[in-house]
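The values are calculated or read from the model by the stated rules, or taken from the named source; none is laboratory data. Note that the structure is a prediction, hence the values are computed from the model and not measured. Virtual Cβ from ideal backbone geometry, glycine too; neighbours counted across all protein chains shown.
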Amino acid sequence: MRDGPSDRPAAATLPESVPDDEIPESIPAESRAVETNGVTLHVVEAGPEDGKLLVLLHGFPEFWYGWNDAIVPLANAGYRVVVPDQRGYNCSEKPPAVRDYRIGELARDVVGLIDAYDRETAAVAGHDWGAAVAWWLALHHGERVSELVAVNVPHPTVFERALRTSWDQRLKSWYVLAFQFPKLPEAVASAGNWRLATNALRDTSAPGTFTDEDLRRYRRAWDRDGAFKAMVNWYRAIVRDRPEPERTEVTVPTLVIWGAQDRFLARRLAHESVEHCADGRLLTIDEATHWVVHEHPHRVAEAIADHADPLPPGARE
């Protein structure tokens, strides 16, 4: 066992400057640079230092801010909430090669984060690509994950089978192939002050989900040197590598949260994912879209706290 959870990660220097207003005043959190798995990640941390470690993983095309409305309720529940900009995003380091974004490397980044906070395990919740990393982490490093929450991305075996057998899902995932072209996705997305990217967020979410202030923050993150290329490299790496998990059954206690109006992923994939979990359950939010973490942040936070006991070992009576 490690000595205890009170020590902070060792000091590191971020490759990108962090704006003074990076964290909204409404969120009592701090920015930190953390060395993990050979890269330096920008991390936002909140909640009691001796609380149970909860790692929140964002998806594409977001950054740590994708979880912003859930951080305060989870910190208030007693978690030590750690929300990284995953590699390639926003203020975190942006390795240059496509191979640097293989799913195994992304999962090892999270293992290194858990190590950096001097813990044996952490509860891990991920949305979109963050859920893909969380699934891989639970399948390959399950001893480091106390509980898993996957939001609107299915188990990798389920997703691979759907892409292989379902034309409906292939059509929903058309953009994955479009992202394989060199340079073109970055040029198209950034045109007109990121008009296509911001419109995509608004068009696929409930009205009013993404505010002008939200989109200002996203544009700033996408504008960082090399950021959008690195973000798209996640898609390039998964297609080139075509990884298969070492096992299919997830033994970590798992909660799948699913916004039923997701335009990118078929609803049945959520049910099939739970079938691959030894201890799994499903929460479907019928009125939500793929962006359920934004649309229902308090409901998502409550479900996470329900699933993963926020009290660290030794704090219970």
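Things to note:
- Within the range 147-231, helices (runs of 4 or more DSSP H) holding 2 or more residues that are surrounded by 15 or more Cβ atoms within 10 Å (Cβ to Cβ) and at pLDDT 95 or above: 156-165, 184-203, 212-223
- Selection from the range 250-288 of residues that are small (Gly, Ala, Ser), crowded, with 22+ Cβ neighbours inside 10 Å and part of a strand (DSSP E or B): 259
- Selection of the range 34-53 for residues being touching a residue at least 12 places away in the same chain (Cβ under 8 Å), surrounded by fewer than 21 Cβ atoms within 10 Å (Cβ to Cβ) and outside any strand (DSSP E or B) yields 37, 48, 49, 50, 51.
- Tally of residues being part of a helix (DSSP H, G or I) and touching a Gly at 6+ places or on another chain (Cβ under 7 Å) across the range 77-113: 1
- Tally of residues being more than 21 Å from residue 234 (Cα to Cα) and among the small types (Gly, Ala, Ser) across the range 162-190: 1
- Single match in 278, 237, 260 (criterion: free of Cβ contacts under 8 Å to residues at least 60 places away in the same chain and closer than 19 Å to residue 173 by Cα): 260
- Pairs with Cβ under 9 Å, 6+ apart, first in the range 55-83 and under 24 Å from residue 216 (Cα atoms), second part of a strand (DSSP E or B) and basic (Lys, Arg): 82/32
- When 240, 299 are checked against the criterion of being among the charged types (D, E, K, R), in a helix (DSSP H, G or I) and more than 20 Å from residue 151 (Cβ to Cβ), 240 stands alone in meeting it.
- Members of the range 60-76 found to be assigned to a loop (DSSP other than H, G, I, E, B) and surrounded by 24 or more Cβ atoms within 10 Å (Cβ to Cβ), listed by number: 62, 63
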